[in-house]
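Scroll down for the structure; my scribbles are underneath it.
Here, each number is a calculation from the coordinates, and none is a lab measurement. Since the structure is predicted, the reported quantities are computational estimates derived from the model, not experimental observations. Don't worry about glycine lacking a Cβ; one is built from the backbone with ideal geometry, like all the others, and counts go over all protein chains shown.
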């Protein structure tokens, strides 16, 4: 009953629209019939059928309307014909595979070819994706028990990528199905980094806190009346609180850098003046470690776009590391040179020490947060494990890069390449 009432309402609405569109024709026809009736003496029996014929003519569709409707239908048919599965699949940025009831590939878009390679129409999906979760996904969709399903899948080669894979049927009774792969690799990497960062930060803070708590307990108990032990323990506690303060300062520096990923345009930094200021500020540390700092600067102006305070922090971190970990070499060389490469002109600042050097296997990971080559040496030198991570972050903001070259027993060289434009 409800469907019948809706259909009747639709028909009535169409009649009203047709009459409204023909309103001027109806008015003219009625006026003409009334004039003929008044002046030509037409019988009243003729007047009523004439008015009914006029109304019927107004309700009939015109040729132009029919042609317009037929044209619209033709355009719609052409549009639907052009919107084939291949065109729609190509418009999807994620890897997409269309397959049939035999789990055989019917079509794969360009993103799927780029991600998985070696896939072509006619290939069996269970042979291509052998992981148990993919087999279960295909079975559940092809069996018809569920209309769609989602699983997590990891592709190992050529590089490891994590995907959220959804499978569903295409339309009704088409015997076609679609797989869509949503790349989750970057989100997973960020989650792992966040978890590792929290774990490492907690570990770094827990060690000095445990030390301080132990000394406080000792001072309140066995060493309560021992002035010598009290002075020693208080000195260690001060050192540990200083270490925690440095760690928190470095964490805040990283947080601030992540909050402002872009540089303000139009600022210039004089590298000569900045590096000289860094050397002067670290003079006491160099003398304490018996390290002589040598300079070798190119002639002329040495200006680059950037933030002076942030670049000061970069060179301060690198020079401080050179003085601490390369002190056995007795000297550190700081050089500034122009790089005239056509592809990337700029200025290179190199800080080289002549200490024990860095083993090759550590170089790719040395800028990771909390990564240390030698944990005990780093803590002895009051390092937080975040200095080079801060350096890398700042250089990324400056469109600059850090190059590390080292040979065991011959020292290490950290080169910062800063673009001039």
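Some observations on this one:
- Principal axes of the range 319-362: Cα extent on each, largest first, Å: 38, 25, 13
- Altogether, the Stokes-Einstein calculation at 25 °C and 0.890 mPa s, with the Kirkwood radius of the range 268-419 over Cα pairs as Rh, returns a diffusion coefficient of 157 µm²/s.
- Residue exposure proxy: 153, 163, ordered by other Cβ atoms within 10 angstrom of their Cβ from fewest to most, comes out as 153, 163.
- Distance (nanometres) between label positions extended 7 Å along Cα→Cβ at residue 104 and residue 309: 6.8
- With N the number of residues in the range 189-259, Rg(Cα) / (2.2 N^0.38 Å) evaluates to 1.47.
- Kirkwood Rh and Cα Rg combined as Rg over Rh, evaluated for the range 85-183: 0.92
- Sites residue 408 and residue 113, calculated FRET efficiency, Cβ-Cβ separation with R0 51 Å, nearest 0.05: 0.70
- Computed extension length for residue 225-residue 135: 25.1 nm, one decimal, from 0.36 nm per residue of separation with the Cα-Cα distance subtracted.
- Ordering 234, 251 from the fewest to the most neighbouring beta carbons within 10 Å gives 234, 251.
- Value of Rg/Rh across the range 182-327 [Cα atoms, Kirkwood radius]: 1.10
- Label-point separation in nm, residue 328 to residue 298, each point 7 Å along Cα→Cβ: 3.4
- Förster radius 45 Å - calculated FRET efficiency between residue 368 and residue 168, Cβ distance, rounded to 0.05: 0.65
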